[in-house]
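Q: Just dropping this structure here.
The values are calculated or read from the model by the stated rules, or taken from the named source; none is laboratory data. Just so it is clear, the structure is predicted and the values come from calculations on it, not from any experiment. FYI the Cβ positions are ideal-geometry reconstructions off the backbone, even for glycines, and counts take in every protein chain you see. The protein model used for the area step is the full one, side chains on, heavy atoms only, and it has no ligands, DNA or RNA in it. Shrake-Rupley method; radii C 1.70, N 1.55, O 1.52, S 1.80 Å.
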Amino acid sequence: MSSESKVLAKLEEKYNQKFSIEGVKEGSKAFAQMYGKDRLTVHPEGNKELVFLAQEVKAAEGDFKDNFIQAKWAEELKQQLSADIEKELPEGTPYKIQLFVSNNDIEKSMLDMPVEDYLKNVNQNVSVVLLAGIKTAGEPQVEKYKENIYNLYQLMKGLGTTGYSVTIGFVDESEDISDYVRTSFINNISWSNLDAKVYGNVTIDERHDPENPSGGVDPSLILESPETVVEHYEPLGE
């Protein structure tokens with residue numbers, strides 16, 4: 001049985017549902033025990049938005065790891081926050097919630113636990129990211145979006161997690177970035193490396209919180225007001 005077939009079978013046994021493989025990234029053949037074998041991009045059948053990774057770790061024992069529960073909880077958060085998020089973004093803007101939790105802090109028995117229960121009662125040492133791609137016709141007028149981005153940052157902060165951030169890419173209106181956003185939880189591609197015309201981005205995280213600022217952050221970037229949002233804009237070259 002191939003590595004991907006083994007992982008798919010174990011996923012379906014573990015979570016008692018069907019999954020579809022979107023793609024496979026070949027793992028290390030010589031050092032599979034150390035670095036893992038093939039890495040699968042997977043989603044539940046009928047739900048391509050809930051995309052996650054699964055990988056056989058130790059071939060001899062058949063162990064594997066996945067971040068299905070993290071992806072599931074992130075989609076739950078997206079649904080719960082959608083009204084508040086969408087009122088701050090231009091209509092049709094693609095966006096994604098990402099939830100980063102160590103696998104050591106998750107058990108299979110938590111599959112049906114609501115995400116709000118986990119964050120409130122079990123573990124707040126996680127990071128929540130809101131990623132969105134705003135379409136523009138030419139260089140963006142960041143000033144136009146400063147209040148909206150500020151409000152989105154406050155929304156993420158209000159979740160009470162130790163890590164929280166908002167990252168907004170300003171992308172040419174001719175580009176289709178829907179799949180990039182859909183897979184942003186697992187694709188590890190920054191705005192600067194995206195194969196599309198991206199004018200720049202604004203990324204603000206917990207280090208910029210005026211109530212608990214990081215000592216290593218430029219004081220001019222502490223988010224004292226919506227006006228500070230503009231200072232976070234980073235233009236990207238051609």
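Q: Considering only residues of the stretch 179-215 that are within 16 Å of Thr136 (Cβ to Cβ) and among the small types (Gly, Ala, Ser), which is surrounded by the most Cβ atoms within 10 Å (Cβ to Cβ)?
A: Gly200
Q: Here's something else I'd like to know. Could we say that Lys146 is among the basic types (Lys, Arg) and crowded, with 19+ Cβ neighbours inside 10 Å here?
A: Numbers: among the basic types (Lys, Arg): yes; crowded, with 19+ Cβ neighbours inside 10 Å: yes.
Answer is yes for this residue.
Q: Still on this structure, please answer the following. Six or more apart or on different chains, Cβ atoms under 6 Å: show the pairs whose first residue is in the stretch 197-223 and within 24 Å of Ala132 (Cα to Cα) and whose second is among the aromatic types (Phe, Trp, Tyr).
A: So the pair list comes out as Val198/Trp191; Tyr199/Phe170; Gly200/Phe170; Gly200/Tyr233; Asn201/Trp191; Val202/Tyr233; Ile204/Tyr153; Glu206/Tyr164.
Q: Please determine, by comparing only the residues of the stretch 32-49 that are over 10 Å from Glu4 (Cα atoms) and buried (at least 19 other Cβ atoms within 10 Å of the Cβ), which one is modelled with the lowest pLDDT.
A: Gly36
Q: Just the residues that are crowded, with 16+ Cβ neighbours inside 10 Å and out of contact with any Pro (no Cβ under 7 Å at 6 or more places or on another chain), please, taken from the stretch 222-231.
A: Taking the stretch 222-231 first, the residues crowded, with 16+ Cβ neighbours inside 10 Å are 222-223, 226, 228-229, 231.
Pro226, Thr228, Val229, Glu231 - these are the residues of the stretch 222-231 that are crowded, with 16+ Cβ neighbours inside 10 Å and out of contact with any Pro (no Cβ under 7 Å at 6 or more places or on another chain).
Q: Looking at Lys18, Lys25 in this structure, which one is surrounded by fewer than 17 Cβ atoms within 10 Å (Cβ to Cβ), at pLDDT below 85, within 24 Å of Lys96 (Cβ to Cβ) and not polar (S, T, N, Q)?
A: Details: Lys18 fails: at pLDDT below 85.
On inspection, the qualifying residue turns out to be Lys25.
Q: If I filter the stretch 59-88 down to residues being more than 20 Å from Asp117 (Cα to Cα) and open to solvent by less than 20 Å² (accessible area, probe 1.4 Å), which single residue comes out as modelled with the lowest pLDDT?
A: Per the stated criteria, the residue is Gly62.
Q: Considering each residue of the stretch 95-123, count those that are out of contact with any Asp or Glu (no Cβ under 9 Å at 6 or more places or on another chain), part of a loop (DSSP other than H, G, I, E, B) and of a type outside the set (Ser, Thr, Tyr), and give that number.
A: Residues that pass the stated criteria total 6.
Q: Also, I was wondering about something else. Restricting attention to the stretch 104-142, which residues are within 18 Å of the chain's Cα centre (by Cα) and open to solvent by 70 Å² or more (accessible area, probe 1.4 Å)?
A: If the condition is that a residue be within 18 Å of the chain's Cα centre (by Cα) and open to solvent by 70 Å² or more (accessible area, probe 1.4 Å), then Glu116, Gln124, Asn125 are the ones that fit.
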